[in-house]
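*Asks:* One structure coming up, written as structure tokens, with questions to follow.
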Amino acid sequence: QPCRRMRPITAVVAAVVATVAAGPGCLVVDTAPARHAHPTAPAPARDTDEVTVTWIGHATCLIGVAGHWFLTDPVLGRRIAGVLPRRIAAGIDPADLPPLDAVLISHAHFDHLDLPSLREVDAPVVLVPPGVAGLLPDDVAPRATAVDTWGTWRRGDVTITAVPASHGDGRWGVDVWRRHAHTGWVIEVGDRTIYFAGDTGYVPAQARALRARFHVDVALIPVGPAGRPRWVEWLRRRVHATPSQAMALFEDTGAQWMVPIHYGTFFEDLDHEAPVLRAAIAEHELDRRVRVLAVGDTAAFLY
């Protein structure tokens, strides 16, 4: 198995390669302790029409709907690959997680597929794109189910569909041969639908395809790294949406509400990215429909 415990030097190289692969200007060199998050303890939905989203940081979100719980891209430690530090602490302790129905992994990059966190999270099912399955350690692999694009996983009243995303497939930044290793996810419970975009660039055709198949209630869409020079944003346009592009993606999907994710945690400081995000929200006149959360806070969407 290629994912057995890495030697320290391998972990260092992995973190640096993953950071550089995320785009120019990403390398974090400060060693200041992470800020303290202010978590709101997740509580069961008060009725079946309520959807709750707790932003734990970066692309890690706890989603609650009709008594079901889902965790996205769990990265709960203080560092990525033991090297790249968090700028703000995770918004929940793994011991405080409710009983999970499933963990959803969007792709193989180190800031989304964190093997120590995955081992720490108690979930009966881990859903992954097919190209990620071979990266899972022996103690996680038996719980994993690979779902290809537009494929579905069903249990009771829960249906989860893998949907298109525009991102990279590799884990190390140089393993360009890897395929089918990135995805978004749509969770359906009864008549409630949540879209987790994972990590993606803005591709209008993909958003239109999503809208044609689903009536999305809440969309979790990445907005960072934000505030980069325009030439950097242009180079990364196929893999990272800018905040303004994220707003366009949200509108194209037809979702009712959006929670911005994937910013202010590892690569850029929250104080740098938040103003760029809020400017994009104002530009698109979406103040009433976009819920900007502090790390650890929960938004409840009532119907």
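The values are calculated or read from the model by the stated rules, or taken from the named source; none is laboratory data. Since the model is a prediction, treat every value here as computed from it, not as a measurement. Methodologically, a virtual Cβ is constructed for each residue, glycine included, from the backbone with ideal geometry; neighbour enumeration extends over all protein chains shown.
*Asks:* Checking the conditions here, which among 142, 116 is modelled with pLDDT of 90 or more and either in a loop (DSSP other than H, G, I, E, B) or under 22 Å from residue 264 (Cα atoms) (or both)?
*Replies:* Answer to the selection: 116.
*Asks:* Restricted to region 185-207, and to residues that are modelled with pLDDT under 95 and charged (D, E, K, R), which residue is surrounded by the most Cβ atoms within 10 Å (Cβ to Cβ)?
*Replies:* 199
This table checks each residue for (1) closer than 16 Å to residue 135 by Cα; (2) surrounded by 24 or more Cβ atoms within 10 Å (Cβ to Cβ); (3) of a type in the set (Ser, Thr, Tyr).
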| position | (1), (2), (3) |
| --- | --- |
| 59 | no, yes, no |
| 74 | yes, yes, no |
| 82 | no, no, no |
| 86 | no, no, no |
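*Asks:* Against the condition touching a Pro at 6+ places or on another chain (Cβ under 7 Å) and modelled with pLDDT of 95 or more, how does residue 181 come out, does it pass?
*Replies:* no
*Asks:* Output the residue which, of all residues in region 93-104 that are in a loop (DSSP other than H, G, I, E, B) and in contact with a Phe, Trp or Tyr (Cβ under 9 Å, 6 or more places away or on another chain), is farthest from residue 137 (Cα to Cα).
*Replies:* Per the criteria, the residue is 98.
*Asks:* Something else: Any chance you could count how many residues in region 254-283 are in contact with a helix residue (DSSP H, G or I) (Cβ under 8 Å, 6 or more places away or on another chain), at pLDDT 95 or above and either surrounded by fewer than 24 Cβ atoms within 10 Å (Cβ to Cβ) or over 26 Å from residue 215 (Cα atoms) (or both)?
*Replies:* Summing the residues that are in contact with a helix residue (DSSP H, G or I) (Cβ under 8 Å, 6 or more places away or on another chain), at pLDDT 95 or above and either surrounded by fewer than 24 Cβ atoms within 10 Å (Cβ to Cβ) or over 26 Å from residue 215 (Cα atoms) (or both) in region 254-283 gives 1.
*Asks:* Next question. Among the residues of region 65-92, how many are in contact (Cβ under 8 Å) with a residue 40 or more places away in the chain and assigned to a loop (DSSP other than H, G, I, E, B)?
*Replies:* 16
*Asks:* Considering every residue within region 48-56, establish whether at least one is of a type outside the set (Val, Ile, Thr), under 26 Å from residue 302 (Cβ atoms) and modelled with pLDDT of 90 or more.
*Replies:* Among the residues of region 48-56, at least one is of a type outside the set (Val, Ile, Thr), under 26 Å from residue 302 (Cβ atoms) and modelled with pLDDT of 90 or more, which makes the answer yes.
*Asks:* Taking only pairs six or more apart or across chains, which ones have beta-carbon atoms under 8 Å, a first residue in region 134-148 that is surrounded by 13 or more Cβ atoms within 10 Å (Cβ to Cβ), and a second residue that is of a type in the set (Phe, Trp, Tyr)?
*Replies:* If the second residue must be of a type in the set (Phe, Trp, Tyr), the pairs left are 145/153; 147/153.
*Asks:* Taking the conditions exactly as written (out of contact with any strand residue (DSSP E or B) (no Cβ under 6 Å at 6 or more places or on another chain), at pLDDT 85 or above and of a type in the set (A, V, I, L, M)), does residue 22 satisfy them or not?
*Replies:* no
*Asks:* Check residue 107 against each of (1) in contact (Cβ under 8 Å) with a residue 60 or more places away in the chain; (2) out of contact with any helix residue (DSSP H, G or I) (no Cβ under 8 Å at 6 or more places or on another chain); (3) farther than 16 Å from residue 77 by Cβ and name the one condition it does not meet.
*Replies:* The one condition residue 107 does not meet is (2).
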